[in-house]
Amino acid sequence: MLICLTTFFFESNDREKKDKSILSLNRLEKIYWIKDVLQDNTAILKKGWNNTDKEYYKDRRVAIVKGNYVVIIRFTALLKAKLVTAYQKEDIDNILNAPDFDKDSEFLK
């Protein structure tokens, strides 16, 4: 599976402009965590939640490993996805209550 990570490792100098002009060492340090999540066959896989429409996305996958490290990807085509976000979350109950991600999804065939 091909994952695009380019803008994830940058932060904005100006929050209003969202220019992503500064390389974030904090985010860069977590590249191996993200790799581990994407390759972990034991990761908990859930559907991503669309807060605007109050429904689950078909093209978003939420993976949880190491207890509370969350990685969200958005599928763009067959076996291709973009990293949406990755973070540590203390209370993951709301994610765990989401439906499981369908491993037979059109994006994985």
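The values are calculated or read from the model by the stated rules, or taken from the named source; none is laboratory data. Owing to the predicted nature of the structure, the values given are computational and were not obtained by experimental measurement. FYI the Cβ positions are ideal-geometry reconstructions off the backbone, even for glycines, and counts take in every protein chain you see.
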* **Yes/no for I64 being out of contact with any Cys (no Cβ under 7 Å at 6 or more places or on another chain), over 23 Å from L108 (Cβ atoms) and of a type in the set (V, I, T)** => no
Subset of the range 90-109, residues over 15 Å from L45 (Cβ atoms) and surrounded by 11 or more Cβ atoms within 10 Å (Cβ to Cβ), comes to E106
Apart from one, (1) touching a strand residue (DSSP E or B) at 6+ places or on another chain (Cβ under 6 Å); (2) in contact (Cβ under 8 Å) with a residue 40 or more places away in the chain all hold for I22; the odd one out is (2)
Residue pairs qualifying under the 6 Å Cβ cut-off, at least six apart or on distinct chains, with the first in the range 70-89 being under 17 Å from D40 (Cβ atoms) and the second being of a type in the set (S, T, N, Q) and part of a strand (DSSP E or B), are I72/T85
Y87 fails exactly one of (1) within 11 Å of the chain's Cα centre (by Cα); (2) of a type in the set (S, T, Y); (3) surrounded by 15 or more Cβ atoms within 10 Å (Cβ to Cβ), namely (3)
By residue number, the members of the range 28-77 that are under 20 Å from E90 (Cα atoms) and in contact with a Pro (Cβ under 9 Å, 6 or more places away or on another chain) are K46, K47
For A98, the lone unmet condition from (1) touching a Phe, Trp or Tyr at 6+ places or on another chain (Cβ under 6 Å); (2) more than 22 Å from R27 (Cβ to Cβ); (3) of a type in the set (A, V, I, L, M, F, W, C) is (1)
Reported set for the range 74-109 where residues are among the hydroxyl-bearing types (S, T, Y) and more than 19 Å from N51 (Cβ to Cβ) is T76, S105
Of those in the range 19-49 that are closer than 16 Å to Y69 by Cα, among the β-branched types (V, I, T) and out of contact with any helix residue (DSSP H, G or I) (no Cβ under 9 Å at 6 or more places or on another chain), the residue modelled with the lowest pLDDT is V37
